[in-house]
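The block underneath contains the structure these notes are about, expressed in structure tokens.
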Amino acid sequence: MSRVVEHDPTRAPFYEVVHRRRDVRAEFTGGPVAPEVLRRVLEAAHAAPSVGLTQPWDFVLVTDDDVRRAFHAHVLEERRVFARSLEGERAERFAGIKIEGILESTLSLVVTYDATRGAPAVLGRHAIADAGLYSVCLAIENLWLACTAEGLGLGWVSFYREAFLAGLLGIPEGVLPVAWLCLGPVSHLEAVPDLERHGWRDRLSLEEVLHHERW
């Protein structure tokens, strides 16, 4: 006989945060982030699990306007590169999609991956080389959920060349920039994610991606 799982109201806030989280672009207000709040969300990121307990991430806080403007210009150029690969309706849809909030957000946070941390004998990475990179992504997800719980927005910018960003921030050779994240207070979080609202893609149902026993 299967056990009946009783409703526990303490679970609800977690699921609410998971489903309310958004990749923020246009809703940043530029308002201040209290130092203690920033510390809390960074601690949440740093509490993520990591392969072999390597904690292969570093966090670079970026508030300098000149640096952010330089990155913003680079991102706009990469947007133009991608736009040139589109035609017809796809091109029209992309033209109306905002892809970043670099200058509107309060601050930026770059998350990196150092594959040498804990090497060469990284427990659990011998068969899956990318396990360390997965660990960094877990830290980013922790950060994203923590920001949502704190009433902050976070947006992941991916229109950039890794070599450019490494040079811009003086990231050491061999350390990979994984994400430029825009962070700060927001006016609101959209009920429907941007790419769905703009008709870029529809969300798949769970049934479409769920398999039992075998693919």
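Just so it is clear, none of the values below were taken in a lab; they were calculated from the coordinates. Here the structure is a predicted model, which means the values were calculated and not measured. A quick note on method: Cβ atoms are made from the backbone with ideal geometry, for glycine too, and the neighbour counts reach across all protein chains shown.
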Among [x] 60; [y] 63; [z] 52, the entry derived from the coordinates for percent of Cα pairs over 21 Å apart: [y]
Would you mind telling me which residue in Val81, Val41, Val186 has the biggest mean-square fluctuation in a Gaussian network model of the chain, where springs connect alpha carbons within a distance under 10 angstrom? Val81
Classify segment 121-215 as rounded, prolate or oblate, taking a ≥ b ≥ c as the square roots of the eigenvalues of its Cα gyration tensor: rounded when a/c is under 1.5, otherwise prolate if a/b is larger than b/c and oblate if not. oblate
Please tell me the relative contact order of segment 23-188 in percent, rounded to the nearest whole number, where contacts are Cα pairs under 8 Å and at least six residues apart. 41
Only Cα pairs within less than 10 Å get springs; with that Gaussian network setup on the chain, which residue of Gly52, Gly155, Gly132 has the largest fluctuation? Gly52
Of the DSSP H helices in the chain, those whose Cα atoms cover at least 15 Å axially and whose Kyte score averages -0.5 or more: 35-46, 131-149
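Sequence gap at least 6, Cα distance under 8 Å: using those rules, report the relative contact order of segment 94-212 to the nearest whole percent. Intermediate values should be presented prior to the final figure.
Working: 112 pairs, mean separation 46.4, N = 119.
RCO, segment 94-212: 39 percent.
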Residues Arg80, Arg214 in order from fewest to most other beta-carbon atoms within 10 Å are Arg214, Arg80
Antiparallel %, DSSP beta bridges [both residues in the chain], to 5: 95
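Divide by every residue of the chain the summed helix terms, -39500 (n - 2.57) for each DSSP H run of at least 4, and state the resulting mean residue ellipticity at 222 nm, rounded to the nearest 500 deg cm²/dmol.
Working: 8 runs with 83 residues, N = 215.
Calculated from helices alone, the mean residue ellipticity at 222 nm is -11500 deg cm²/dmol.
Taking the Cα centre as origin and putting +1 on Lys and Arg beta-carbons and -1 on Asp and Glu beta-carbons, what dipole magnitude results for the chain, to the nearest 20 debye? All intermediate terms of the calculation are to be shown ahead of the outcome.
Working: 23 positive and 31 negative charges, 26 e Å.
Here the size comes out at about 120 debye.
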